[in-house]
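Structure first, then comments.
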Amino acid sequence: MNILILDWNSYAHEYMTEEFEKSDCTVKYLSWPFGKEDMRENQELCMKLKECLGEQEYDFVFSFNFFPVAAKACNECNVKYVSWIYDMPYMLLYSKYTRLETNHIYFFDKALCIEFQKSGIKNAYYMPLAAPVDYYDSLKERARDEYVSDISFVGSVYQEERHDFYKYLKNVNYYTMGYLRAIMAAQKDLYGDFILEKLLDENILGELRRVCPLEKGEDEWESDAWIYANYFLARKLTGEQRAEILKLIAEKHPVRLYTADKISGMDKVEVCGPVDYVKEMPYVFKNTKINLNMTLRSIWTGIPLRAIDVMGCGGFLLTNYQADFLDFFEPGVDYVYYSDNNDLMKKIDYYLCHEDERRSIAENGYNKVKANHTYADRVQIMIEHMKEL
(Lines give C-alpha, C1' and ligand atoms only; values in the text may rest on other atoms or scores of the structure.)
Protein backbone atom coordinates (compact mmCIF):
# COMPACT_ATOMS: atom_id res chain seq x y z
CA MET A 1 0.00 0.00 0.00
CA ASN A 2 1.11 3.57 -0.67
CA ILE A 3 0.68 5.86 2.33
CA LEU A 4 1.23 9.60 2.67
CA ILE A 5 1.96 10.68 6.25
CA LEU A 6 1.38 14.24 7.41
CA ASP A 7 4.67 14.92 9.14
CA TRP A 8 4.38 17.12 12.22
CA ASN A 9 6.01 16.96 15.64
CA SER A 10 3.77 14.18 16.92
CA TYR A 11 4.81 11.62 19.49
CA ALA A 12 5.19 8.07 18.09
CA HIS A 13 5.53 9.27 14.49
CA GLU A 14 8.67 7.18 14.03
CA TYR A 15 7.06 4.05 15.52
CA MET A 16 4.11 4.19 13.15
CA THR A 17 6.39 4.82 10.17
CA GLU A 18 8.55 1.83 11.07
CA GLU A 19 5.55 -0.47 11.39
CA PHE A 20 3.99 0.69 8.13
CA GLU A 21 7.27 -0.07 6.37
CA LYS A 22 7.53 -3.50 8.04
CA SER A 23 4.08 -4.21 6.60
CA ASP A 24 5.42 -3.69 3.05
CA CYS A 25 3.91 -0.23 2.72
CA THR A 26 5.59 2.53 0.75
CA VAL A 27 5.64 5.61 2.95
CA LYS A 28 6.11 9.21 1.88
CA TYR A 29 5.88 12.39 3.94
CA LEU A 30 4.41 15.82 3.63
CA SER A 31 5.67 18.46 6.06
CA TRP A 32 2.67 19.59 8.08
CA PRO A 33 2.99 22.91 9.99
CA PHE A 34 0.60 22.08 12.86
CA GLY A 35 0.68 24.83 15.48
CA LYS A 36 1.90 27.45 13.04
CA GLU A 37 -0.98 27.79 10.58
CA ASP A 38 -4.75 27.63 10.36
CA MET A 39 -5.82 23.99 10.15
CA ARG A 40 -9.45 24.65 9.21
CA GLU A 41 -9.74 26.86 6.11
CA ASN A 42 -6.14 27.24 4.92
CA GLN A 43 -6.49 27.26 1.13
CA GLU A 44 -2.75 27.33 0.51
CA LEU A 45 -2.19 24.26 2.67
CA CYS A 46 -5.19 22.54 1.11
CA MET A 47 -3.73 23.09 -2.37
CA LYS A 48 -0.32 21.88 -1.22
CA LEU A 49 -1.82 18.57 -0.09
CA LYS A 50 -3.97 18.25 -3.22
CA GLU A 51 -0.93 18.78 -5.44
CA CYS A 52 0.94 16.09 -3.53
CA LEU A 53 -1.99 13.70 -3.94
CA GLY A 54 -2.05 14.45 -7.65
CA GLU A 55 1.56 13.45 -8.16
CA GLN A 56 0.95 9.75 -7.48
CA GLU A 57 -1.75 7.40 -6.23
CA TYR A 58 -2.05 6.83 -2.48
CA ASP A 59 -4.21 4.25 -0.71
CA PHE A 60 -4.67 6.67 2.18
CA VAL A 61 -3.28 9.68 4.00
CA PHE A 62 -2.44 9.21 7.69
CA SER A 63 -1.96 11.62 10.57
CA PHE A 64 -1.93 11.58 14.33
CA ASN A 65 -4.89 13.78 15.30
CA PHE A 66 -7.41 15.14 12.82
CA PHE A 67 -6.97 18.18 10.59
CA PRO A 68 -10.03 19.68 8.85
CA VAL A 69 -8.01 21.15 5.98
CA ALA A 70 -6.48 17.71 5.30
CA ALA A 71 -9.93 16.12 5.37
CA LYS A 72 -11.17 18.67 2.85
CA ALA A 73 -8.22 18.11 0.48
CA CYS A 74 -8.48 14.32 0.68
CA ASN A 75 -12.21 14.42 0.02
CA GLU A 76 -11.76 16.62 -3.04
CA CYS A 77 -9.19 14.12 -4.34
CA ASN A 78 -11.31 11.11 -3.32
CA VAL A 79 -8.52 9.70 -1.13
CA LYS A 80 -9.13 8.09 2.25
CA TYR A 81 -7.96 10.16 5.22
CA VAL A 82 -7.05 8.06 8.28
CA SER A 83 -6.44 9.85 11.56
CA TRP A 84 -5.77 8.53 15.05
CA ILE A 85 -6.73 10.84 17.91
CA TYR A 86 -4.40 10.85 20.91
CA ASP A 87 -5.18 14.30 22.38
CA MET A 88 -8.27 15.05 24.43
CA PRO A 89 -9.76 17.59 24.44
CA TYR A 90 -9.07 18.25 20.76
CA MET A 91 -10.99 21.17 19.32
CA LEU A 92 -10.24 20.51 15.63
CA LEU A 93 -12.47 17.43 15.76
CA TYR A 94 -15.49 19.71 16.03
CA SER A 95 -15.47 20.67 12.37
CA LYS A 96 -17.94 20.38 9.51
CA TYR A 97 -15.20 18.48 7.66
CA THR A 98 -15.32 15.68 10.24
CA ARG A 99 -18.49 14.51 8.51
CA LEU A 100 -16.86 13.84 5.13
CA GLU A 101 -17.21 10.20 4.08
CA THR A 102 -13.56 9.87 3.05
CA ASN A 103 -12.58 10.27 6.73
CA HIS A 104 -11.72 7.28 8.91
CA ILE A 105 -11.16 8.48 12.47
CA TYR A 106 -9.81 6.27 15.25
CA PHE A 107 -10.53 7.44 18.80
CA PHE A 108 -8.58 6.26 21.84
CA ASP A 109 -11.50 7.20 24.13
CA LYS A 110 -14.57 4.97 23.72
CA ALA A 111 -17.03 7.49 25.17
CA LEU A 112 -15.84 10.18 22.76
CA CYS A 113 -16.06 7.73 19.86
CA ILE A 114 -19.64 6.87 20.77
CA GLU A 115 -20.53 10.57 21.00
CA PHE A 116 -19.26 11.17 17.47
CA GLN A 117 -21.02 8.08 16.15
CA LYS A 118 -24.28 9.33 17.66
CA SER A 119 -23.73 12.73 16.05
CA GLY A 120 -23.72 11.08 12.62
CA ILE A 121 -20.00 10.49 12.00
CA LYS A 122 -20.15 7.21 10.06
CA ASN A 123 -16.48 6.25 10.01
CA ALA A 124 -15.62 6.69 13.70
CA TYR A 125 -13.83 3.75 15.34
CA TYR A 126 -12.60 2.97 18.84
CA MET A 127 -8.92 2.02 19.08
CA PRO A 128 -6.82 2.51 22.23
CA LEU A 129 -3.29 3.84 22.20
CA ALA A 130 -0.16 1.69 21.99
CA ALA A 131 3.37 1.27 23.32
CA PRO A 132 6.67 0.65 21.47
CA VAL A 133 7.46 -2.45 23.51
CA ASP A 134 10.33 -3.61 21.28
CA TYR A 135 12.07 -0.29 21.86
CA TYR A 136 11.47 -0.47 25.60
CA ASP A 137 12.81 -4.03 25.61
CA SER A 138 15.98 -2.83 23.88
CA LEU A 139 16.79 -0.69 26.91
CA LYS A 140 18.60 -3.53 28.62
CA GLU A 141 20.00 -1.53 31.49
CA ARG A 142 17.15 -1.56 33.98
CA ALA A 143 18.91 -0.31 37.11
CA ARG A 144 19.63 3.42 36.82
CA ASP A 145 20.21 4.87 40.27
CA GLU A 146 19.01 8.35 39.33
CA TYR A 147 15.57 6.94 38.49
CA VAL A 148 15.12 4.37 41.28
CA SER A 149 12.21 5.34 43.54
CA ASP A 150 9.28 3.94 45.48
CA ILE A 151 6.61 6.14 43.90
CA SER A 152 6.73 8.52 40.93
CA PHE A 153 4.50 10.54 38.66
CA VAL A 154 5.48 11.92 35.25
CA GLY A 155 3.32 14.85 34.16
CA SER A 156 2.08 18.36 34.79
CA VAL A 157 0.27 19.79 37.79
CA TYR A 158 -0.73 22.79 35.64
CA GLN A 159 0.72 25.45 37.94
CA GLU A 160 2.43 27.42 35.19
CA GLU A 161 0.53 30.43 33.90
CA ARG A 162 0.46 29.12 30.33
CA HIS A 163 -1.53 26.10 31.57
CA ASP A 164 -3.99 28.06 33.71
CA PHE A 165 -7.02 29.07 31.64
CA TYR A 166 -9.05 29.22 34.85
CA LYS A 167 -7.45 32.55 35.68
CA TYR A 168 -9.53 34.15 32.94
CA LEU A 169 -12.64 33.38 34.97
CA LYS A 170 -11.52 35.13 38.17
CA ASN A 171 -13.85 38.10 37.64
CA VAL A 172 -17.11 36.15 37.56
CA ASN A 173 -19.69 37.06 40.22
CA TYR A 174 -19.66 35.34 43.61
CA TYR A 175 -22.53 33.00 42.78
CA THR A 176 -20.86 31.73 39.62
CA MET A 177 -17.51 31.25 41.33
CA GLY A 178 -19.19 29.25 44.08
CA TYR A 179 -21.10 27.23 41.51
CA LEU A 180 -17.91 26.40 39.58
CA ARG A 181 -16.13 25.29 42.75
CA ALA A 182 -19.15 23.16 43.68
CA ILE A 183 -19.37 21.30 40.37
CA MET A 184 -15.61 20.70 40.34
CA ALA A 185 -15.94 19.26 43.85
CA ALA A 186 -18.74 17.01 42.56
CA GLN A 187 -16.55 15.84 39.66
CA LYS A 188 -13.50 15.32 41.86
CA ASP A 189 -14.19 11.77 43.09
CA LEU A 190 -16.48 10.79 40.21
CA TYR A 191 -14.73 8.64 37.62
CA GLY A 192 -16.54 7.08 34.69
CA ASP A 193 -18.68 10.11 33.87
CA PHE A 194 -17.78 13.67 32.90
CA ILE A 195 -20.43 15.94 34.40
CA LEU A 196 -18.85 19.40 34.21
CA GLU A 197 -20.18 20.17 30.74
CA LYS A 198 -23.69 18.98 31.64
CA LEU A 199 -23.85 21.24 34.71
CA LEU A 200 -23.05 24.51 32.93
CA ASP A 201 -26.53 25.99 32.38
CA GLU A 202 -27.26 29.14 30.37
CA ASN A 203 -27.17 31.46 33.39
CA ILE A 204 -23.67 30.28 34.30
CA LEU A 205 -22.54 30.30 30.67
CA GLY A 206 -23.75 33.89 30.29
CA GLU A 207 -21.51 34.98 33.15
CA LEU A 208 -18.55 33.02 31.78
CA ARG A 209 -19.00 34.65 28.38
CA ARG A 210 -19.12 38.07 30.03
CA VAL A 211 -15.68 37.73 31.63
CA CYS A 212 -14.08 35.47 29.00
CA PRO A 213 -15.77 35.68 25.58
CA LEU A 214 -15.20 32.85 23.13
CA GLU A 215 -14.50 33.41 19.45
CA LYS A 216 -15.47 30.56 17.17
CA GLY A 217 -15.22 30.37 13.41
CA GLU A 218 -17.79 29.20 10.91
CA ASP A 219 -16.26 25.73 10.82
CA GLU A 220 -16.57 25.03 14.57
CA TRP A 221 -19.54 23.23 16.13
CA GLU A 222 -18.35 22.54 19.68
CA SER A 223 -20.54 24.15 22.35
CA ASP A 224 -19.42 26.91 24.69
CA ALA A 225 -20.13 24.56 27.59
CA TRP A 226 -17.76 21.98 26.06
CA ILE A 227 -14.94 24.55 25.80
CA TYR A 228 -15.31 25.94 29.31
CA ALA A 229 -15.68 22.47 30.84
CA ASN A 230 -12.78 20.80 29.03
CA TYR A 231 -10.21 23.58 28.70
CA PHE A 232 -10.90 25.72 31.77
CA LEU A 233 -12.48 23.58 34.49
CA ALA A 234 -11.11 20.08 33.78
CA ARG A 235 -7.53 21.32 33.56
CA LYS A 236 -7.87 23.31 36.78
CA LEU A 237 -9.41 20.34 38.60
CA THR A 238 -6.72 17.98 37.30
CA GLY A 239 -3.91 20.23 38.53
CA GLU A 240 -5.48 20.63 41.96
CA GLN A 241 -6.13 16.90 42.31
CA ARG A 242 -2.65 15.91 41.25
CA ALA A 243 -1.06 18.36 43.67
CA GLU A 244 -3.35 17.23 46.48
CA ILE A 245 -2.60 13.55 45.91
CA LEU A 246 1.16 14.05 45.66
CA LYS A 247 1.20 16.09 48.86
CA LEU A 248 -0.91 13.45 50.62
CA ILE A 249 1.45 10.66 49.57
CA ALA A 250 4.52 12.71 50.53
CA GLU A 251 3.31 12.94 54.13
CA LYS A 252 3.93 9.19 54.46
CA HIS A 253 6.15 8.02 51.58
CA PRO A 254 8.91 9.44 49.39
CA VAL A 255 7.42 10.42 46.03
CA ARG A 256 9.00 11.92 42.94
CA LEU A 257 7.38 14.30 40.47
CA TYR A 258 8.92 14.63 37.00
CA THR A 259 7.60 17.82 35.43
CA ALA A 260 8.59 20.96 33.56
CA ASP A 261 6.29 23.04 35.77
CA LYS A 262 7.65 25.49 38.30
CA ILE A 263 6.25 24.03 41.51
CA SER A 264 5.24 25.80 44.72
CA GLY A 265 3.58 24.54 47.90
CA MET A 266 4.81 20.95 47.58
CA ASP A 267 7.85 21.00 49.85
CA LYS A 268 7.86 17.29 50.73
CA VAL A 269 7.50 16.13 47.13
CA GLU A 270 10.83 15.52 45.37
CA VAL A 271 10.50 17.58 42.19
CA CYS A 272 12.98 16.25 39.65
CA GLY A 273 12.30 18.36 36.59
CA PRO A 274 11.24 16.99 33.21
CA VAL A 275 12.40 13.75 31.57
CA ASP A 276 12.67 13.17 27.86
CA TYR A 277 9.72 10.99 26.84
CA VAL A 278 11.77 8.68 24.63
CA LYS A 279 15.26 8.61 26.15
CA GLU A 280 14.62 8.98 29.90
CA MET A 281 10.99 8.31 30.79
CA PRO A 282 11.19 4.53 30.19
CA TYR A 283 13.88 4.30 32.86
CA VAL A 284 11.59 6.06 35.32
CA PHE A 285 8.84 3.53 34.66
CA LYS A 286 11.21 0.57 34.81
CA ASN A 287 12.85 1.65 38.08
CA THR A 288 9.84 2.87 40.06
CA LYS A 289 8.03 0.48 42.38
CA ILE A 290 4.66 2.24 41.94
CA ASN A 291 4.02 4.36 38.84
CA LEU A 292 1.08 6.71 39.32
CA ASN A 293 -1.37 7.71 36.61
CA MET A 294 -3.74 10.58 37.37
CA THR A 295 -5.73 11.11 34.20
CA LEU A 296 -6.48 14.54 32.79
CA ARG A 297 -10.17 14.94 33.64
CA SER A 298 -11.12 15.87 30.07
CA ILE A 299 -10.21 12.29 29.05
CA TRP A 300 -13.58 10.72 29.70
CA THR A 301 -13.03 6.95 29.67
CA GLY A 302 -9.85 6.39 27.63
CA ILE A 303 -6.59 4.75 28.66
CA PRO A 304 -3.97 7.54 28.74
CA LEU A 305 -0.73 7.11 26.83
CA ARG A 306 1.23 7.33 30.09
CA ALA A 307 -0.57 4.26 31.43
CA ILE A 308 0.04 2.15 28.31
CA ASP A 309 3.70 3.14 28.37
CA VAL A 310 4.10 2.24 32.05
CA MET A 311 2.83 -1.28 31.38
CA GLY A 312 4.79 -1.51 28.12
CA CYS A 313 7.96 -0.80 30.09
CA GLY A 314 7.14 -3.55 32.58
CA GLY A 315 6.31 -1.08 35.33
CA PHE A 316 3.66 -1.48 38.00
CA LEU A 317 0.70 0.84 37.30
CA LEU A 318 -1.56 2.41 39.93
CA THR A 319 -4.17 4.57 38.24
CA ASN A 320 -7.47 6.29 38.84
CA TYR A 321 -10.49 4.41 37.46
CA GLN A 322 -10.94 4.69 33.69
CA ALA A 323 -13.64 2.51 32.14
CA ASP A 324 -11.75 1.61 28.95
CA PHE A 325 -9.13 -0.34 30.92
CA LEU A 326 -11.78 -2.98 31.57
CA ASP A 327 -12.09 -3.72 27.85
CA PHE A 328 -8.57 -5.13 27.76
CA PHE A 329 -7.05 -5.48 31.24
CA GLU A 330 -8.07 -7.06 34.53
CA PRO A 331 -7.74 -4.92 37.67
CA GLY A 332 -5.66 -6.52 40.39
CA VAL A 333 -4.12 -8.82 37.78
CA ASP A 334 -2.63 -6.54 35.09
CA TYR A 335 -2.82 -3.16 36.85
CA VAL A 336 -4.43 -1.62 39.93
CA TYR A 337 -6.88 1.26 40.15
CA TYR A 338 -7.98 3.42 43.08
CA SER A 339 -11.43 4.88 43.68
CA ASP A 340 -10.57 7.77 46.02
CA ASN A 341 -7.69 9.14 48.09
CA ASN A 342 -8.22 6.74 50.99
CA ASP A 343 -8.23 3.77 48.62
CA LEU A 344 -5.10 5.14 46.94
CA MET A 345 -3.17 5.33 50.20
CA LYS A 346 -4.26 1.83 51.27
CA LYS A 347 -3.10 0.38 47.97
CA ILE A 348 0.22 2.23 48.09
CA ASP A 349 0.84 0.85 51.60
CA TYR A 350 -0.11 -2.65 50.49
CA TYR A 351 1.87 -2.91 47.28
CA LEU A 352 5.01 -1.36 48.72
CA CYS A 353 5.00 -4.22 51.24
CA HIS A 354 4.09 -7.02 48.79
CA GLU A 355 6.88 -7.03 46.24
CA ASP A 356 6.17 -10.43 44.69
CA GLU A 357 2.53 -9.53 44.03
CA ARG A 358 3.52 -6.14 42.68
CA ARG A 359 6.06 -7.66 40.31
CA SER A 360 3.57 -10.30 39.14
CA ILE A 361 0.97 -7.64 38.27
CA ALA A 362 3.58 -5.58 36.42
CA GLU A 363 4.64 -8.65 34.41
CA ASN A 364 1.04 -9.51 33.54
CA GLY A 365 0.35 -5.98 32.32
CA TYR A 366 3.55 -5.99 30.29
CA ASN A 367 2.68 -9.32 28.64
CA LYS A 368 -0.78 -8.10 27.60
CA VAL A 369 0.56 -4.87 26.14
CA LYS A 370 3.32 -6.74 24.30
CA ALA A 371 0.81 -9.23 22.89
CA ASN A 372 -1.98 -6.87 21.86
CA HIS A 373 -1.18 -3.18 22.22
CA THR A 374 1.91 -2.33 20.18
CA TYR A 375 2.13 0.00 17.19
CA ALA A 376 2.49 -3.10 15.00
CA ASP A 377 -0.94 -4.25 16.22
CA ARG A 378 -2.51 -0.88 15.48
CA VAL A 379 -0.96 -0.61 12.01
CA GLN A 380 -2.30 -4.05 11.10
CA ILE A 381 -5.80 -3.03 12.22
CA MET A 382 -5.65 0.08 10.03
CA ILE A 383 -4.24 -1.69 6.99
CA GLU A 384 -6.71 -4.56 7.10
CA HIS A 385 -9.56 -2.12 7.62
CA MET A 386 -8.56 0.02 4.66
CA LYS A 387 -8.19 -3.06 2.44
CA GLU A 388 -11.76 -4.08 3.28
CA LEU A 389 -13.23 -0.74 2.18
Original post:
Please report, for the Cα atoms of the range 240-389, the Rg to one decimal and the Dmax as a whole number; what are they, in angstrom?
Top reply: 16.4, 56
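Nearest 20 debye, what's the magnitude of the dipole of the range 74-216 about its Cα centre given +1 on Lys and Arg Cβ and -1 on Asp and Glu Cβ? List each step's numbers first, then the result.
Working: 18 positive and 21 negative charges, 110 e Å.
For the range 74-216, the charge dipole is close to 540 debye.
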**OP:** State the answer as a single residue: which of Pro274, Ala243, Phe325 lies farthest towards the positive end of the charge dipole of the chain, with beta carbon charges of +1 for Lys and Arg and -1 for Asp and Glu, about the Cα centre.
**Re:** Ala243
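Given 0.36 nm per residue, what is the gain on full extension from His13 to Asn367 after removing their alpha carbon distance, in nm?
On the way: separation 354, 0.36 × 354 = 127.44 nm, distance 2.35 nm.
125.1 nm is the gain from fully extending His13 to Asn367.
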Original post:
How are the C-alpha pair distances of the range 1-160 spread across 5 Å bins, as whole percents from the shortest bin up?
Top reply: 2, 8, 15, 19, 18, 15, 9, 7, 4, 3, 1, 0
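Nearest 500 deg cm²/dmol is fine: what mean residue ellipticity at 222 nm does the chain get from its DSSP H runs of n ≥ 4 alone, each adding -39,500 (n - 2.57), divided by its residue count?
Numbers: 14 runs with 153 residues, N = 389.
Calculated from helices alone, the mean residue ellipticity at 222 nm is -12000 deg cm²/dmol.
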**OP:** Keeping all protein chains in place, calculate the accessible area per residue for the chain (probe 1.4 angstrom), answer in Å².
**Re:** 44
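Pulled fully out, how much extra length does the chain show between Tyr29 and Phe328, if you take 0.36 nm times their separation in residues and subtract their Cα-Cα distance? Present the calculation step by step, with values, prior to reporting the outcome.
Numbers: separation 299, 0.36 × 299 = 107.64 nm, distance 3.29 nm.
Stretched fully, the Tyr29-Phe328 segment lengthens by 104.3 nm.
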Subject >> Considering only the range 135-294, percent of DSSP beta bridges that pair antiparallel, nearest 5 >> reply: 0
Subject >> Per residue, the convex hull volume that the Cα atoms of the chain enclose (Å³) >> reply: 140
**OP:** Just list whichever of Lys140/Lys268; Lys247/Lys370; Lys167/Lys188 have alpha carbons separated by over 22 Å in the model shown.
**Re:** Lys140/Lys268; Lys247/Lys370
Original post:
Under a GNM of the chain (C-alpha, springs under 10 Å), which listed residue has the highest mean-square fluctuation: Thr102, Thr238, Thr176?
Top reply: Thr176
Original post:
What distance in nm separates the simple spin-label points at Ile263 and Leu248, each placed 7 Å from Cα in the Cβ direction?
Top reply: 1.7
Original post:
Which residue fluctuates the most in the chain, going by a Gaussian network model with Cα springs under 10 Å, if the choices are Asn203, Asn291, Asn171?
Top reply: Asn203
**OP:** Evaluate the distance, in nm, between pseudo-label points positioned 7 Å from the Cα of Arg181 and of Val271 along their respective Cα→Cβ axes.
**Re:** 2.4
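For Tyr174 and Glu115, compute 0.36 nm times the residue count separating them, minus their Cα-Cα distance, and round to one decimal in nm. Mind dumping the intermediate values first?
Working: separation 59, 0.36 × 59 = 21.24 nm, distance 3.35 nm.
Net length gain for the segment: 17.9 nm.
Pairs of Cα atoms under 8 Å, at least six residues apart: use those to get the relative contact order of the chain, whole percent.
Across the chain, relative contact order equals 17 percent.
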**OP:** For the range 165-175, just list the computed ³J(HN,Hα) in residue order, Karplus coefficients 6.51, -1.76 and 1.60, θ = phi - 60°, integers in Hz, with x standing in for Gly and Pro.
**Re:** 6, 4, 4, 6, 9, 5, 9, 5, 5, 4, 4
Subject >> Electrostatic dipole magnitude of the chain [Cβ: Lys, Arg +1; Asp, Glu -1; Cα centre; debye, to 20] >> reply: 740
**OP:** Past 26 Å, Cα to Cα, is the threshold; run Lys110/Lys279; Lys72/Lys279; Lys36/Lys216; Lys80/Lys368 against it and keep the listed order.
**Re:** Lys110/Lys279; Lys72/Lys279; Lys80/Lys368
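The values are calculated or read from the model by the stated rules, or taken from the named source; none is laboratory data. Being a predicted model, the structure only gives us computed values, none of them experimental. Here the Cβ is made from the backbone with ideal geometry for all residues, glycine too, and neighbour counts use every protein chain on show. Accessible surface is based on the protein model in full, side chains and every heavy atom, while ligands, DNA and RNA are left aside. Shrake-Rupley method; radii C 1.70, N 1.55, O 1.52, S 1.80 Å.
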